[in-house]
Amino acid sequence: MLMATRPPASAPATSAVPLVDLHAQYLTIRAEVDAAIAEVIQTSSFIRGPRVEEFERAFAGAIGVEHCISCGNGTDALYIVMHALGLRPGDEVITTAHSWIATSETITQAGGAVVFCDTDADTFTIDAERIEALITPRTVGIIPVHLYGQPADLDKILAIADRHGLWVIEDCAQAHLATYKGRMVGSFGVAGTFSFYPGKNLGAMGDAGAIVTNDTALARRMAMFARHGGVTKGDHQIEGINSRLDGLQAAVLTVKLKHLPVWTKARQAIAAQYSELLSTCEDLITPNIRPGSSHVFHHYVVCHEKRDALAAHLMQRGVQTAINYPVALPFLPAYARLAHSPHDFPVAHRHQSQILSLPIFPEITQAQIKHVVDAVQSFGRRRQRKAWEGDARAVRPR
Ligand SMILES: Cc1ncc(COP(=O)(O)O)c(C=O)c1O
């Protein structure tokens with residue numbers, strides 16, 4: 001999970017360039033956000049109410065689907081869909097080896113069995129070519145993750161799902177407004193799940209999440225399950241859970257949603273600028289964009305064989321970085337029971353020691369971008385100098 005807070009002004013040695021600066025974003029929309037929050041407080045519509053309904057309508061419209069069911073967070077969103085789809089003990093769900101643990105832990109919570117699939121070397125998303133070999137008579141669904149804001153290989157994944165009668169849930173927690181062949185992610189599978197964790201491209205001021213779908217019957221089951229088994233107070237058709245978006249978060253999200261297209265373009269422009277300026281850095285691999293997709297750069301992730309040295313070098317120069325994620329899911333202690341080895345997921349295993357997320361947020365300044373680029377470039381020069389010094393020592397006469 002990324003750092004989503006800004007250190008207090010009094011904190012010593014703050015980063016020259018933070019990974020994310022949520023306060024900078026708040027300052028650009030302060031009047032709108034403050035007014036929206038004040039209205040919720042004045043009307044005391046804290047749980048559901050008009051602001052929640054307004055946000056659900058607006059978000060469904062933004063993704064281009066019929067229904068949006070808001071809930072407490074992006075983890076609940078995944079759990080609610082799988083529960084509503086009727087996952088049974090032993091049902092197998094295939095998902096990517098490279099994601100945040102919410103993607104896989106919810107499969108287990110919903111009663112299923114997690115089956116990991118390795119990732120594509122160029123995009124970090126699930127390797128669609130490897131999915132079919134993992135399908136068994138117990139397989140019921142596939143959860144691709146649009147990781148870092150990059151759409152997964154949806155055409156291939158949906159074709160496999162069709163051939164084998166499987167459902168697809170898109171984990172869109174990092175990919176608000178990303179498109180695949182001109183359509184918003186979240187609108188392809190039986191459902192798409194979103195997180196509005198504060199640091200996400202569309203972030204609340206606390207936990208929040210949503211599910212989108214075009215399936216009306218599924219939407220109703222999910223809404224009921226998330227709200228104690230009934231959408232009308234006192235009318236409990238089934239036993240459910242309590243996972244609700246609150247009025248304050250909905251009001252903040254509705255304000256922010258209006259700005260999201262502009263923020264998304266800003267992220268894409270920053271990423272393009274980084275990729276151009278860093279293209280000459282030896283040994284550094286900048287992100288690829290899948291043809292026909294738009295990548296919304298929740299994270300800007302580079303690869304370097306000397307990742308830890310690069311991260312330390314950047315930290316010394318005041319550039320905050322993150323590793324999303326340091327251990328691929330199959331190798332976490334939480335999945336020791338599956339007894340996987342690096343050979344099972346060579347790509348995800350290689351990436352876990354090479355990936356590094358550089359600062360990216362819509363409000364980053366040109367001076368901050370230059371600072372990051374200079375710091376990365378100086379790492380390359382320092383390594384070159386060290387290599388030359390090594391060579392010079394090697395040829396030094398005795
Ligand atoms: C890929 C992915 N899926 C699911 C989640 C879960 O979202 P939340 O933190 O809102 O529960 C996250 C959050 O970081 C995520 O990155």
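The values are calculated or read from the model by the stated rules, or taken from the named source; none is laboratory data. Quick caveat, the model's predicted, so the values are computed rather than measured. Counting neighbours? That spans all protein chains shown, and the Cβs are built from the backbone with ideal geometry, glycine included. In case anyone asks, the SASA skips ligands and DNA or RNA and just uses the protein heavy atoms, side chains included. Shrake-Rupley method; radii C 1.70, N 1.55, O 1.52, S 1.80 Å.
The simple spin-label model puts a point 7 Å past each Cα toward its Cβ; for Ile241 and Ile29 those points are separated by 2.7 nm.
Across the protein chains, with a 1.4 Å probe defining accessible surface, the residues Leu22, Leu166 rank Leu22, Leu166 from largest area downward.
Quick one: what does P(r) look like for the range 88-135 with 10 Å bins over all Cα pairs, in whole %? Whole-percent P(r) values from 0 Å outward: 29, 49, 20, 1.
Averaging the sequence gap over all C-alpha pairs within less than 8 Å and six or more residues apart, then dividing by the number of residues, gives the range 304-369 a relative contact order of 44 percent.
In this structure, the amide hydrogen of Ala113, modeled 1.01 Å from its nitrogen in the peptide plane, lies closer than 5 angstrom to those of Gly90, Asp91, Glu92, Val93, counting only residues at least 5 positions away or on a different chain.
Could you please state, rounded to a whole Å, how far the C-alpha centre of the range 273-337 is from the C-alpha centre of the range 165-234? Between the Cα centres of the range 273-337 and the range 165-234 lies a distance of 27 Å.
Kindly express, to the nearest 10 degrees and within the range 0 to 90, the angle between helix 307-316's C-alpha long axis and the longest C-alpha principal axis of the chain. So the inclination is approximately 80 degrees. Taking the helices alone, the chain has a mean residue ellipticity at 222 nm of -12500 deg cm²/dmol, built from -39,500 (n - 2.57) per DSSP H run of at least 4 residues and averaged over all its residues.
With all protein chains present, how much of the accessible area of the chain (probe radius 1.4 Å) comes from carbon and sulfur, to the nearest whole percent? Here it works out to 54 percent.
Ordered from largest to smallest accessible area (heavy atoms of protein chains, 1.4 Å probe), the residues His23, His295 come out as His23, His295.
Dividing the convex hull volume of the alpha carbon atoms of the chain by its residue count gives 161 Å³ per residue.
Modelled label positions at Arg130 and Ala272, each set 7 Å beyond Cα in the direction of Cβ, lie 3.3 nm from each other. Computed from point charges on the beta carbon alone (+1 for Lys and Arg, -1 for Asp and Glu), the dipole magnitude for the chain about its Cα centre is near 1040 Debye. Rounded to the nearest 10 degrees, the inclination of helix 50-63 to the longest alpha-carbon principal axis of the chain is 60 degrees.
The heavy atoms of Asp162 present about 130 square angstrom of accessible area, all protein chains included, probe 1.4 Å. Taken one residue at a time, the phi angles of the range 35-48 give Karplus couplings (6.51, -1.76, 1.60, θ = phi - 60°) of 5, 5, 5, 4, 5, 5, 5, 4, 9, 6, 8, 7, 10, 6 Hz. Gly and Pro are set to x.
Normalised by the number of residues in the chain, the average gap of Cα pairs under 8 Å and 6 or more apart makes the relative contact order 21 percent.
Applying a DSSP loop filter and a limit of 14 other Cβ atoms within 10 Å to the trypsin sites (Lys or Arg not before Pro) in the range 210-239 leaves Lys233. The distance between label points at Thr43 and Ala312 comes to 5.5 nm (points 7 Å beyond Cα on the Cα→Cβ vector). Averaged over its residues, the chain has an accessible area of 44 Å² per residue, based on protein heavy atoms and a 1.4 Å probe.
The H on the amide N of Ser99, modeled in the peptide plane, is under 5 Å from the matching H of Leu329, each at least 5 residues off or on a different chain.
Ranked by solvent-accessible area (1.4 Å probe, protein heavy atoms only, all chains present), the residues Met82, Met224, Met315, Met205 order from largest to smallest as Met315, Met205, Met224, Met82. Per residue, the average separation of C-alpha pairs within less than 8 Å and at least 6 apart gives the range 110-254 a relative contact order of 13 percent.
The slack in the chain from Arg381 to Ala159, taken as 0.36 nm per residue of separation less the alpha-carbon distance, amounts to 75.3 nm. Are any of the pairs Lys156/Lys256; Lys200/Lys306; Lys181/Lys256; Lys181/Lys306 more than 30 Å apart by Cα-Cα distance, and if so, which? Table pairs above 30 Å Cα-Cα are Lys156/Lys256; Lys181/Lys306.
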